[in-house]
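Reading through the structure tokens given below for one structure.
The values are calculated or read from the model by the stated rules, or taken from the named source; none is laboratory data. Remember, it's a predicted structure, so these values are computed and weren't measured experimentally. Neighbour counts are summed over all protein chains in view; Cβ atoms, including those assigned to glycine, are modelled from backbone coordinates with ideal geometry. Please note that ligands, DNA and RNA were not included when accessible areas were found on the heavy atoms of the full protein model with its side chains. Shrake-Rupley method; radii C 1.70, N 1.55, O 1.52, S 1.80 Å.
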Amino acid sequence: MENQKTKKTRILSGMRATGKLHLGNYFGAAKGMVALQSRKDYETFYMVADLHALTTPFSPKTLSQYRRNVMVDYLAIGLDPQRSTIFFQSMVPEHIELAYYLSTLVSVARMQHLPTFKEKVKQYPENVTLALLNYPVLMAADILIYQADLVPVGIDQEPHLEVSREIVRKLNQIYQLHLPQPRRFKTSGDYVPSLNGIGKMSKSVPGSFIALDDSLAVINQKIAKVPTDSGRGQIQLTQVDKKAGFQVTKRYFDARTNQESVGVGALMKLVELFMGEAKRAAFEHQYQAETLSYNQLKSQLAQAIFAEIEPIQRKKQSLLTQPNYLDEVIAHGAEKARAQAQITLKLVKKAFGLLN
Ligand code: TRP
């Protein structure tokens with residue numbers, strides 16, 4: 001791996017250790033991360049972003065559980081320490097050091113105007129800290145320190161990647177370096193709808209997500225709560241002008257009230273993801289023919305979702321009985337990551353005039 005003669009495409013990604021992984025993380029990012037590690041021409045670095053978890057209110061006790069839980073989830077979904085470098089961000093302190101150097105290239109105003117920053121300010125008005133403002137700079141350091149080319153993350157992270165590219169361009173220009181500009185790597189099933197029908201599944205919206213840990217009973221309960229309608233439905237196709245091009249979306253309307261049924265839209269999308277397109281078409285047909293049973297749809301969907309995550313849960317249970325193995329993976333990952341991180345850090349320190 002240390003051999004630089006045949007340069008592989010570098011991949012880096014991470015998830016914030018702020019809660020349990022859910023289906024949105026799984027389809028939006030994690031499945032792609034697993035797929036990428038089996039490509040011979042790619043070198044994959046996957047971290048648990050525990051330092052980024054400090055940018056919003058946290059408790060030390062839950063943080064220490066969450067970060068280990070994300071690590072176990074990573075392994076349970078199939079990230080393989082033989083093929084990927086899997087590590088805790090905080091165990092590679094070089095990230096923080098690089099973030100400081102990079103912060104000299106970034107204006108406060110640029111950070112304050114980021115939509116992601118503004119959102120967090122709204123969400124936690126009492127917690128507008130320097131660490132929060134610095135979030136994108138630390139993320140740029142995470143990526144640059146491995147000289148990563150591709151970053152598999154959701155579309156919501158695009159503003160942060162743009163900041164990373166701006167930083168690289170400045171760094172290269174001012175200090176004559178040749179670091180690559182990272183691009184977002186789009187993964188297939190990008191979008192898992194929220195159970196309340198509004199937006200996507202999100203850790204910070206209770207009742208919106210199904211966790212990878214949820215039992216069949218819990219999944220049934222959660223799906224049962226998805227709002228539906230009279231079952232006398234109409235479907236409308238609309239073209240949405242997305243950044244990535246035109247996209248056709250379906251909207252579902254209750255013919256009795258003419259109200260949009262966003263919950264039905266979420267259910268149909270989930271059916272497609274977990275039961276296939278043909279099943280979605282069949283349910284849609286029933287919806288329009290007024291023969292759809294929501295009870296049936298919901299219980300079949302809950303079963304299909306559980307079937308997908310049950311093997312992950314079993315793997316997780318078995319990992320939890322092997323704490324020594326886990327500790328080994330964690331130590332080994334940090335060691336591998338640090339070896340790479342130190343190379344870039346040295347380069348930057350030298351460029352800044354901090355090494356003779
Ligand atoms: N900001 C990312 C998120 O919320 C998490 C993250 C931190 C990350 N550092 C990263 C993702 C570096 C990719 C690369 O999802």
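Entry remark, segment 167-185: residues being over 23 Å from the mean Cα position of the chain (by Cα), within 20 Å of residue 9 (Cα to Cα) and crowded, with 19+ Cβ neighbours inside 10 Å number 1 in total.
Out of 103, 107, I need the residue that is of a type in the set (Gly, Ala, Ser) and open to solvent by 60 Å² or more (accessible area, probe 1.4 Å). Which one?
Step by step, each of 103, 107 is checked, and only 107 is of a type in the set (Gly, Ala, Ser) and open to solvent by 60 Å² or more (accessible area, probe 1.4 Å).
I'm told residue 73 meets every condition in (1) open to solvent by less than 50 Å² (accessible area, probe 1.4 Å); (2) in a loop (DSSP other than H, G, I, E, B); (3) among the charged types (D, E, K, R) except one. Can you identify the failing condition by its number? Here residue 73 clears every test but (2). Applying a threshold of 8 Å to beta carbon distances and a minimum spacing of six or more residues, or different chains, the list of pairs starting in segment 137-160 at a residue that is under 25 Å from residue 192 (Cβ atoms) and ending at one that is aromatic (Phe, Trp, Tyr) and near the ligand (Cβ under 8 Å from one of its atoms) reads 160/135. Within segment 10-41, no residue satisfies the criterion of being more than 27 Å from residue 194 (Cα to Cα), open to solvent by 20 Å² or more (accessible area, probe 1.4 Å) and within 15 Å of the ligand (Cβ to nearest atom).
Rundown of residues vs (1) touching a Pro at 6+ places or on another chain (Cβ under 6 Å); (2) surrounded by 12 or more Cβ atoms within 10 Å (Cβ to Cβ); (3) hydrophobic (A, V, I, L, M, F, W, C), yes/no style:
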site: 268; (1), (2), (3): no, yes, yes
site: 282; (1), (2), (3): no, yes, yes
site: 296; (1), (2), (3): no, no, no
site: 308; (1), (2), (3): no, yes, no
site: 319; (1), (2), (3): no, yes, yes
site: 336; (1), (2), (3): no, yes, no
site: 343; (1), (2), (3): no, yes, yes
site: 349; (1), (2), (3): no, yes, no
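Any residue that is within 12 Å of the ligand (Cβ to nearest atom), in the same structural domain as residue 147 (by TED's automatic domain parsing), under 25 Å from residue 96 (Cα atoms) and hydroxyl-bearing (Ser, Thr, Tyr) - is there at least one of those in segment 59-75? No, because not a single residue in segment 59-75 is within 12 Å of the ligand (Cβ to nearest atom), in the same structural domain as residue 147 (by TED's automatic domain parsing), under 25 Å from residue 96 (Cα atoms) and hydroxyl-bearing (Ser, Thr, Tyr). Taking (1) more than 21 Å from residue 13 (Cβ to Cβ); (2) assigned to a helix (DSSP H, G or I); (3) not aliphatic (A, V, I, L, M) in turn, residue 57 satisfies each apart from (2). Segment 90-182 holds helices (runs of 4 or more DSSP H) entirely within its bounds, and those carrying 2 or more residues that are within 22 Å of residue 204 (Cβ to Cβ) map to 108-112, 115-123, 130-133, 135-144, 158-175.
Is it fair to say residue 157 is within 12 Å of the ligand (Cβ to nearest atom) and modelled with pLDDT under 95? Criteria met by residue 157.
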